[in-house]
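The values are calculated or read from the model by the stated rules, or taken from the named source; none is laboratory data. Just so we're clear, the structure is a prediction, and the values are computed from it rather than from any experiment. Neighbour counts run over all protein chains shown; Cβ positions are idealised from the backbone, glycine included.
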Amino acid sequence: MSWIKKSLKNNKGFTLVEMLIVLGISAIILAILTYSYSVVSNADVEKASNRLESVLRSARVNAMSRGQAHGVVHFVSEGGTIYAEIGNGTSSQKKELICSSSITFTPKFTTDYATEAEPVDAGTMGWNTVFNGNGKLRLQGVTKTNSNLFRLKHGDKEIKVIVYAETGAIEKKY
């Protein structure tokens, strides 16, 4: 017991230099974790835009080869996660994951491609992009549920996927 009292008497605590070293190492670790999180988030937005572009291209090809009924992309939200279904709605359609709820996904129909896509309430989400047999967007009977401008955003990273109404061409803009 006397050795415990003796060691406690000699213990003077941390020096200022030791404390600064610990704080410096902690700051470096925190910076690395923050940076790696932002890189992962940016990669998620890029992957989501690639999946969206792929689904839109598949629907366009289906419309040109099999007819307009097969060129419909129906977007749905389940628990904030966005899925796309390609087809005419009568056959069993495979749901393709577009993005998780951590990414803001906003669609809009417009011919003014410089405008921003408007946010959509994820609880009532359900809209289409429809290609005709020529691979262009079907413009007859365009309603607010048709989309050709999609904005995917998380933090600072934003990617727009545009389907040009006049030609059906698909482009990503960063």
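Annotations for the structure displayed:
- When restricted to residues that are hydrophobic (A, V, I, L, M, F, W, C) and either within 25 Å of GLY155 (Cα to Cα) or surrounded by 17 or more Cβ atoms within 10 Å (Cβ to Cβ) (or both), the stretch 57-70 contains 3.
- Residues in the stretch 1-34 that are in a helix (DSSP H, G or I) and modelled with pLDDT under 85: SER2, TRP3, ILE4, LYS5, LYS6, SER7, LEU8, LYS9, ASN10, LEU33, THR34.
- Matching residues, the stretch 53-74, being touching a helix residue (DSSP H, G or I) at 6+ places or on another chain (Cβ under 9 Å) and outside any helix (DSSP H, G or I): GLY71, VAL72, VAL73
- Contacts under 6 angstrom Cβ, first residue in the stretch 86-105 being among the charged types (D, E, K, R), partner modelled with pLDDT of 80 or more and not in a loop (DSSP other than H, G, I, E, B), 6 or more apart: LYS95/TYR83; LYS95/GLU85; GLU96/VAL55; GLU96/ALA84
- Exactly one residue out of LYS108, LYS153, LYS160, LYS144 is modelled with pLDDT of 85 or more and more than 15 Å from SER54 (Cα to Cα): that is LYS153.
- Flag if LYS172 is basic (Lys, Arg), surrounded by 14 or more Cβ atoms within 10 Å (Cβ to Cβ), under 18 Å from HIS70 (Cα atoms) and modelled with pLDDT of 80 or more: no
- Breaking point among (1) hydroxyl-bearing (Ser, Thr, Tyr); (2) over 28 Å from GLU158 (Cα atoms); (3) modelled with pLDDT of 90 or more, for SER54: (2)
- Against the list (1) modelled with pLDDT of 80 or more; (2) part of a loop (DSSP other than H, G, I, E, B); (3) within 30 Å of TYR35 (Cβ to Cβ), the condition GLU116 fails is (1).
- Close pairs (8 angstrom Cβ cut-off, 6 or more residues apart or separate chains): more than 15 Å from GLU46 (Cα to Cα) and assigned to a loop (DSSP other than H, G, I, E, B) in the stretch 147-171, among the acidic types (Asp, Glu) and at pLDDT 85 or above anywhere: TYR164/GLU171
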